[in-house]
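Undergrad: Take a look at the following structure, please.
The values are calculated or read from the model by the stated rules, or taken from the named source; none is laboratory data. Just so it is clear, the structure is predicted and the values come from calculations on it, not from any experiment. Ideal geometry is used to build each Cβ from the backbone, glycine not excepted, and the neighbour counts take in all protein chains shown. The accessibility values were calculated without ligands, DNA or RNA, using every heavy atom of the protein model including side chains. Shrake-Rupley method; radii C 1.70, N 1.55, O 1.52, S 1.80 Å.
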Amino acid sequence: MLGAMPDSAPELTLRLHPKIAEIAAVDWDACAGDDNPFVSHAFLSALEESGSASPRSGWLPQHLALRDGDGRLLAVAPAYAKSHSYGEYVFDHAWAQAFERAGGDYYPKLQVAVPFSPVPGPRLLIRPGSGLPPAALGQALAQATEQLGFSSAHVTFCSEPEWTALGEAGWLRRLGTQFHWLNDGYASFDDFLAALSSRKRKQLKRERRDAQSAGLDFRVLQGAAITPRHWKAFHRFYMDTVDRKWGSAYLTERFWPLLAERLGERVVLMVAERDGEPVAGALNLMGRDALYGRNWGASVEAPFLHFELCYYQAIDFAIARGLKRVEAGAQGQHKIQRGYLPVPTYSAHWICHGGLRRAVAEFLEAERPAMLEEMAALAEASPFRTADTD
């Protein structure tokens, strides 16, 4: 318990919870809403109960809860004490190194985020009708950061309105970029292809044809249709990808079936099988308007298998269900040629030490216009037809 918020109504009380289980799911989700599954009680509790977001991985839950004088939950934020900067996808390693070279302690810090998930969405989860502005929750986060002796607080992959509100409250603002596919009312994948330039249309058709001629059967599974054998195979794929790319696995084998149990039909697994056995898979979660691509892996090599499972099957699924977009995760300029265009992502940072704050502020002032220029340049590589292309 951190007590009443300073410079605010005395009936607002801030508390940090070391387990999301301490907050009733119905109360948390009343604040989080049902649009983005990654901030749901179900997803976050699956991370904790599976041992994925835990002291072992360096993500210690410190979930913020703001209550009124009657104990009614007005707002929450998924927050974690961190002793490192891994699994975040908004990189502040240089800030940490500079501060520590100057004799400071950058860790621990407070991270307001969805662990291991670079998925944009709300982070300051306010109960509708509470009348609480996002800046009030930002003030609560700043208070918690300073009272607990953290060097800083970081709200990563937040929404643009939250980013704006936090900036107006004195937080430092950062821009990033991802690549999302937007559904322009397409009736089918061929309808989407017709919107591309002739050269790009032929390229995507060839990639799909080659992937689907590799002797594999492609299936889309949801919820209870994903069996234990699928999850067992998928964990092998995940571990193989981690071993090749990152070297440290955060998500435990228990996480996948627990996720499916908690989120049901919102869990979508694109699977490639050979002779009835899973040999590759791509995990997605479905929100109200979007399909969110997360993890993928394979035990075989086949032409364009990654593109087929992660990008094209996702587009097929989104079109069939009338979803507005597909978000395919962090990084990857190769996504542009598959119809995934650059969009901005947002993060906000509260830094307690005045000297470090000034240095980071100067860095971000220079970085933001550079990011906007980079996104504009990337957009020039769009595969969609224009007046100058056929």
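Undergrad: Is there a residue being within 30 Å of residue 322 (Cα to Cα) and among the small types (Gly, Ala, Ser) anywhere in the range 249-268?
TA: First pass over the range 249-268, keeping only residues within 30 Å of residue 322 (Cα to Cα): 255-268.
Narrowing further to those that are among the small types (Gly, Ala, Ser): 260, 264.
Yes: one or more hits.
Undergrad: In the range 142-185, how many are over 25 Å from residue 382 (Cα atoms) and of a type in the set (Asp, Glu)? Lay out the reasoning, then the answer.
TA: Applying the first criterion (over 25 Å from residue 382 (Cα atoms)) to the range 142-185 yields 142-156, 158, 161-173.
Retained after the next criterion (residues that are of a type in the set (Asp, Glu)): 146, 162, 168.
Going through the range 142-185 one residue at a time, the tally reaches 3.
Undergrad: Could you say whether any residue in the range 160-173 is modelled with pLDDT of 95 or more, surrounded by fewer than 17 Cβ atoms within 10 Å (Cβ to Cβ) and closer than 30 Å to residue 310 by Cβ?
TA: Within the range 160-173, one or more residues are modelled with pLDDT of 95 or more, surrounded by fewer than 17 Cβ atoms within 10 Å (Cβ to Cβ) and closer than 30 Å to residue 310 by Cβ.
Undergrad: Yes or no: residue 260 crowded, with 18+ Cβ neighbours inside 10 Å and either free of Cβ contacts under 8 Å to residues at least 40 places away in the same chain or in contact with a strand residue (DSSP E or B) (Cβ under 8 Å, 6 or more places away or on another chain) (or both)?
TA: On the way: crowded, with 18+ Cβ neighbours inside 10 Å: yes; either free of Cβ contacts under 8 Å to residues at least 40 places away in the same chain or in contact with a strand residue (DSSP E or B) (Cβ under 8 Å, 6 or more places away or on another chain) (or both): yes.
It is true that residue 260 is crowded, with 18+ Cβ neighbours inside 10 Å and either free of Cβ contacts under 8 Å to residues at least 40 places away in the same chain or in contact with a strand residue (DSSP E or B) (Cβ under 8 Å, 6 or more places away or on another chain) (or both).
Undergrad: Next question. How many residues are farther than 27 Å from residue 142 by Cβ and either touching an Asp or Glu at 6+ places or on another chain (Cβ under 8 Å) or open to solvent by less than 10 Å² (accessible area, probe 1.4 Å) (or both) if we restrict to the range 51-63?
TA: So the answer is 1.
Undergrad: Is one or more of the residues making up the range 96-104 in a strand (DSSP E or B) and out of contact with any Ser or Thr (no Cβ under 6 Å at 6 or more places or on another chain)?
TA: no
Undergrad: Restricting attention to the range 165-180, and to residues there that are hydrophobic (A, V, I, L, M, F, W, C) and out of contact with any Asp or Glu (no Cβ under 8 Å at 6 or more places or on another chain), which single residue is farthest from residue 95 (Cα to Cα)?
TA: 179
Undergrad: Assess whether residue 339 counts as being at positive phi and at pLDDT 95 or above. Full working, then the answer.
TA: Details: at positive phi: yes; at pLDDT 95 or above: yes.
Answer is yes for this residue.
Undergrad: Taking interchain pairs and intrachain pairs at least six residues apart, which have beta carbon atoms under 8 angstrom, with the first residue in the range 121-135 and assigned to a loop (DSSP other than H, G, I, E, B) and the second at pLDDT 95 or above and among the aromatic types (Phe, Trp, Tyr)?
TA: Close Cβ pairs satisfying both conditions: 121/38; 121/157; 123/157.
Undergrad: Can I ask one more? Determine, yes or no, whether residue 66 is assigned to a strand (DSSP E or B) and open to solvent by 10 Å² or more (accessible area, probe 1.4 Å).
TA: Judged against the criteria, residue 66 is not a match.
Undergrad: Check 165, 153, 187, 214 and return the single one that is among the aliphatic types (A, V, I, L, M) and part of a helix (DSSP H, G or I). Quick ask: steps written out before the conclusion?
TA: Values: 153 fails: part of a helix (DSSP H, G or I); 187 fails: part of a helix (DSSP H, G or I); 214 fails: part of a helix (DSSP H, G or I).
Just a single option satisfies the conditions, and that option is 165.
Undergrad: Could you check the range 89-115 and list, in sequence order, the residues that are open to solvent by less than 10 Å² (accessible area, probe 1.4 Å) and under 25 Å from residue 251 (Cβ atoms)?
TA: 92, 96, 109, 110, 111, 112, 113, 114, 115
Undergrad: Could you list, in sequence order, all residues of the range 222-236 that are of a type in the set (Phe, Trp, Tyr) and either in contact (Cβ under 8 Å) with a residue 60 or more places away in the chain or in contact with a Cys (Cβ under 6 Å, 6 or more places away or on another chain) (or both)?
TA: Across the range 222-236, the qualifying residue is only 234.
Undergrad: Still on this model: Please find, among 320, 314, the residue that is surrounded by fewer than 20 Cβ atoms within 10 Å (Cβ to Cβ), at pLDDT 95 or above and of a type in the set (A, V, I, L, M, F, W, C).
TA: 320
Undergrad: Checking the condition assigned to a helix (DSSP H, G or I) and at pLDDT 95 or above, which residue from 361, 302 passes?
TA: Criteria check complete, one pass: 361.
Undergrad: Are any residues in the range 364-373 open to solvent by 30 Å² or more (accessible area, probe 1.4 Å) and touching a residue at least 24 places away in the same chain (Cβ under 8 Å), and if so, which ones?
TA: Those that are open to solvent by 30 Å² or more (accessible area, probe 1.4 Å) and touching a residue at least 24 places away in the same chain (Cβ under 8 Å): 367, 368, 372.
Undergrad: Taking the range 263-272 only, how many residues are touching a strand residue (DSSP E or B) at 6+ places or on another chain (Cβ under 6 Å) and open to solvent by 10 Å² or more (accessible area, probe 1.4 Å)?
TA: 2
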